[in-house]
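Below: the structure, in structure tokens.
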Amino acid sequence: MTTLFIDADACPVKDEAIRVGERHKTPIKIVSNSWMRLPDSDLIERVVVPEGPDVADDWIAERASAGDVVVTADVPLAARCVKEGALVISPNGKPFREDAMGMRLAIRDLNTHLREIGEIRESGPAFTKQDRSRFLNQLETIMRAAKRISETKS
């Protein structure tokens, strides 16, 4: 059965992801380092992990597998989940694909280095209505694909 994992700390599309997950009657795991208010639903499980670097990422990566969907902006987490066969989408609606993970990790590492030495000061483009719309469209497509994968696993 498909599970929707949401890397919820600083995720701007939690509500949209929850709506799509509920429409597909998919279990939803909201993973964060702190308690947050969530809709009351039998499909939603709040997972609060201890503070610490990558604790939420580790929790998700240890559980996500083929037929699951992960929502995250974290490139290393996405790489780990894609490697396990999960379908991964960023909050701006761009899917993470296995054939592009090496490049995305390299760009992330380069940007981190450039920020550390002061060559880059901004953190990236602002989140837009178009990003939210793209996310909703792509998540719907990915959820359908994940359910097909999950059905063939059974």
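Just need the relative contact order of the chain here, percent rounded to a whole number, with Cα pairs under 8 Å and 6+ apart.
Numbers: 242 pairs, mean separation 38.3, N = 154.
About 25 percent, as a whole number.
Along the positive direction of the dipole of region 25-154 (beta-carbon charges: Lys, Arg +1; Asp, Glu -1; about the Cα centre), which of Leu43, Gln138, Gly118 reaches farthest?
The residue sitting most towards the positive pole is Gln138.
Cβ neighbours within 10 Å, averaged per peptide: list 145-152, 51-58, 37-44 in order, most packed at the top.
Details: 145-152: 15.4, 51-58: 13.6, 37-44: 11.5.
So the order, starting with the most tightly packed, is 145-152, 51-58, 37-44.
So if we plug the beta-carbon distance of Met36 and Glu140 into 1/(1 + (r/R0)^6) with R0 = 30 Å, what FRET efficiency do we get, rounded to 0.05? Can you show the working numbers first?
On the way: r = 24 Å, r/R0 = 0.80.
Step by step, r from the Cβ atoms, then E = 0.80.
Let me spell out the model: positive unit charges on the Cβ of Lys and Arg, negative unit charges on the Cβ of Asp and Glu, origin at the Cα centre of the chain. What dipole size does that give, in debye rounded to 20? Present the calculation step by step, with values, prior to reporting the outcome.
Numbers: 23 positive and 25 negative charges, 130 e Å.
So the magnitude is around 620 debye.
Have a look at the DSSP beta bridges in the chain and tell me what percent are antiparallel, nearest 5.
Values: 2 of 17 bridges.
So the antiparallel bridges amount to about 10 percent of the total.
For the chain, what does the helix formula give at 222 nm: sum of -39500 (n - 2.57) over DSSP H segments with n ≥ 4, over the residue count, nearest 500 deg cm²/dmol?
Numbers: 5 runs with 69 residues, N = 154.
Rounded to the nearest 500, it is -14500 deg cm²/dmol.
Along the Cα-to-Cβ line of Lys153, 7 Å from the Cα, sits a label point; which residues in region 49-77 have backbone N less than 13 Å from it?
61-70
Straight-line reach from Lys25: which lysines have a Cα under 17 Å away, not including same-chain ones fewer than 8 places off?
Lys14, Lys147
Read the figures in this text as sums done on the coordinates, not as results from a lab. Here the structure is a predicted model, which means the values were calculated and not measured. Because the Cβ atoms are built from the backbone with ideal geometry, glycine has one as well, and the counts that use them run over all protein chains shown.
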